[in-house]
1. Using Cα springs under 10 Å in a Gaussian network model of the chain, which residue among Asn274, Asn260, Asn74 shows the largest mean-square fluctuation?
2. Just how much of Ser178 is accessible, in Å², when a 1.4 Å probe is used and the result is rounded to the nearest 10?
3. Could you work out which residue, out of Val109, Val301, Val193, moves most in a Gaussian network model of the chain, that is, has the largest mean-square fluctuation with Cα springs under 10 Å?
4. With r defined as the distance between the Cβ atoms of Ser181 and Asn260 and R0 fixed at 56 Å, what FRET efficiency is calculated, to the nearest 0.05?
5. State the label only: which of [x] 16.0; [y] 17.2; [z] 18.9 corresponds to mean projected area of the Cα convex hull in nm² computed from the shown model?
6. Distances longer than 16 Å among the Cα atoms of segment 281-326: what percent of all pairs is that?
7. Could you give me the percent of Cα pairs per 10 Å distance bin for segment 187-233, shortest bin first, beginning at zero and ending with the bin that holds the maximum distance?
8. Express in nm, to one decimal, how much length is gained between Asp223 and Asp159 on full extension, taking 0.36 nm for each residue of separation and deducting their alpha carbon distance.
Amino acid sequence: MVETTVGTSRPDAETSRLEPFRTELTGYCYRMLGSGFEAEDAVQETLVRAWRSFDRYDERRGSLRTWLYRIATNICLDMLRSTQRRALAMDLGPAAEGPGIGVPAPERVFVQPVPDGAALSTHGDPEELVVRRETIRLAFVAALQHLPPRQRAVLILRDVLCWRAEEVAELLESTVGSVTSALQRARATLRTVDRAPGEPFRSADRTQRDLLARYCDAFERHDVEALVALLHEDATMSMPPFRFWLRGRDQIRLALLDPNASCAGARLVPVAANGSPAFWQLRPAPGGGYLPFGLLLLDVVDGLVVGVTTFLDADRLVTLFGQPGE
C-alpha cells in the first residue's frame, strides 16, 4: 500500500484514488523493465511520488491516469539508463551440446516472471483477457527489451494499451510526429526479432487443457518417454539463472534421463504467471512435505509443448508469487 496519512489507520482520500491504478501500472512497468520485482518497485515509487505531490496535481492539465503513467514512465526510463537489456537464455548464445550447465548468471541478465494477478486486470471480456495475457508472455516481453526505452514506452502505450498518439505525445512531452516515427521504428525492430511461439493460457481450451493434464501426469510419474512425446521436435528448455539451454526433443530427453538431474518424486501445482500455462515444481522435503524448487512456464502450440522455462530461484520468487497453492 501507498503511505497513509500520519496518525490514521486507514488510507487517505488521495491513496484511495491512486490504488485502483496499481495493477495496470504494474503491467506497464513489467513490459518496460522485464522483471516482476522491478515492476513492483517502480509502481510503489510511482504511487509514493504521486501521493506526496498530489496537492500539485492539476486536473485541467490531464487525467489522473495520464499523470500517473507519466511518473511511472520517467521512473522506468531512469531505471533503464543503468541496466543492460534483459533476455531469455536463447538470446544469449547457442544451444548447449554437452554436459554441465555452467555457473549462474546475475539476476539482471534474464527476463523475470510476473504473477498474472499483479499485472493483469481480470475485469472485462474473457477474450480481451486472453489478448492481454499474450502481451506479458516471456517471449513478448523479451522482444520488447530489444527496443530503446522511449520507443519501448511508445509501442506499449500505442499498440498494447491502445492510447491515442496525442495522449502519448502529451505523456512524453513530445509531438505526435515524433511519437508516430518512434512507433514505426519500434514496429520495424520487432519484426526482426525471432519471438518464440506460444499460446496464452486458455482455461476453456480443451486441447490445451488436455495437453497440460498429460504433461503434469507424465512429469509426476517421471515418465520421460511420455513427457518427451508431448514436446515439439524443436522444443527448447532453459533454466534461469543459468545461460545453458537445450534445443530438440532428443537433447531434452537426455537431460531428463540424467540421474543427477532427476525430477523423480516432484509435483506440479498450477500458478498464474506471465499469462501462460505455468506451475510450481515442488520437490520432497527432507522432513516430509514438499518445497518449491522452481517456477515452470510452458509455451504450447497446437497441442504440443514448444518451450519449457524453469526459473530456479524459487525462494526469491515465493516472495513475489506467494506460497504454492495460496
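The values are calculated or read from the model by the stated rules, or taken from the named source; none is laboratory data. Keep in mind the model is a prediction, meaning the values are calculated, not measured. Cβ sites come from the backbone with ideal geometry, for glycine too, and all protein chains shown count toward neighbours. Remember, those area values only see protein heavy atoms, side chains included, never the ligands or the DNA or RNA. Shrake-Rupley method; radii C 1.70, N 1.55, O 1.52, S 1.80 Å.
1. Fluctuation is largest for Asn260.
2. Ser178 exposes around 60 Å² with every protein chain in place.
3. Result for the chain, Cα springs under 10 Å: Val193 fluctuates most.
4. Step by step, r from the Cβ atoms, then E = 0.60.
5. Correct label, based on the coordinates given: [z].
6. Working: 499 of 1035 pairs.
Result: 48 percent of Cα pairs exceed 16 Å.
7. 22, 36, 26, 14, 2
8. The span from Asp223 to Asp159 would gain 18.8 nm if fully extended.
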